[in-house]
Amino acid sequence: MTPVILLASDKESAEVTDWAARIGWLVGLALFVALVYWLMREGWKWRGTLQGDLPELPAAPDQPGEARLTMSGRYHGSTTAGHWLDRIVAHGLGTRSLVELTLTDAGLDVVRPGATDFFVPTQALREARLDKGIAGKVLTEGGLLVVTWAHGDRLIDSGFRSERAAEHNEWVDVINSMIKSTTTEGAER
């Protein structure tokens, strides 16, 4: 065996970077991300189209009455009642936003800066409860105020989180007592 002795002058340095391959990979990755984003956006629009039979959201009355409760926090979305992953996106109900809730004898006024406001009349309220999640948002047990209400022929769960989570219990009690008194009044007539 003859030892091979390489002289320093005979060595050639390898090319450090193959720029064409790197640029190709980056362009391919950017196109893939753009495709995934476009598909998600189209899916969101398609879901809105499928939910097109949902009637327009009611607006707050001119004279809603004196506020029983108010709350500042976040609106986390609405789903089909009982199906916490079936998000409703029609009429902007799927858009997360800040929220100012006001409960009056007329109903629940949901004011969302940067998103569509809506009003839930007292007759449409069905239940209020504490829960841990709604489509796309999972919190600790009881960390979310969920209000169930009727709109058209659907029951909808809307999820809210107060800046002060201790307020949630009071909201549940007051809304459920309003519902109970409304159904009792309706039964007496």
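When region 131-153 is filtered for residues that are of a type outside the set (A, V, I, L, M) and surrounded by 15 or more Cβ atoms within 10 Å (Cβ to Cβ), the ones remaining, listed by number, are Asp131, Gly133, Lys137, Gly143, Thr148, Trp149, His151. The residues listed here are Glu100, Glu127; of these, the one that is open to solvent by 50 Å² or more (accessible area, probe 1.4 Å), modelled with pLDDT of 90 or more and touching a helix residue (DSSP H, G or I) at 6+ places or on another chain (Cβ under 9 Å) is Glu127.
Reported count of residues in region 71-86, each being assigned to a loop (DSSP other than H, G, I, E, B), surrounded by fewer than 18 Cβ atoms within 10 Å (Cβ to Cβ) and small (Gly, Ala, Ser), is 1.
Leu57 passes every criterion in (1) under 28 Å from Gly143 (Cα atoms); (2) open to solvent by 90 Å² or more (accessible area, probe 1.4 Å); (3) assigned to a loop (DSSP other than H, G, I, E, B) apart from (2). No other residue among Gln63, Gln51 is open to solvent by 60 Å² or more (accessible area, probe 1.4 Å), modelled with pLDDT under 90 and over 16 Å from Gly159 (Cα atoms) apart from Gln63. The set of residues in region 111-134 being of a type in the set (A, V, I, L, M, F, W, C) and closer than 18 Å to Asn176 by Cβ consists of Val120, Ala124, Leu125, Ala128, Leu130.
Number of residues in region 87-124 that are in a loop (DSSP other than H, G, I, E, B) and of a type outside the set (Val, Ile, Thr) equals 10.
Of all residue pairs spaced 6 or more apart or on separate chains, those with beta-carbon atoms under 7 Å, a first member in region 165-183 that is without any contact (Cβ under 8 Å) to a residue 60 or more places away in the chain and within 19 Å of Tyr75 (Cα to Cα) and a second member that is open to solvent by 50 Å² or more (accessible area, probe 1.4 Å) and hydrophobic (A, V, I, L, M, F, W, C) are His168/Leu130; Val172/Leu130.
Against the numbered list (1) touching a Pro at 6+ places or on another chain (Cβ under 9 Å); (2) without any contact (Cβ under 8 Å) to a residue 60 or more places away in the chain, Val146 comes up short only at (1).
The values are calculated or read from the model by the stated rules, or taken from the named source; none is laboratory data. The structure presented is a predicted model; accordingly, all values stated were derived computationally and were not measured. So basically every Cβ, Gly included, is an ideal-geometry build from the backbone, and we count neighbours across all protein chains shown. Each accessible area value is taken on the protein alone, full model and side chains, heavy atoms only, with ligands, DNA and RNA left out. Shrake-Rupley method; radii C 1.70, N 1.55, O 1.52, S 1.80 Å.
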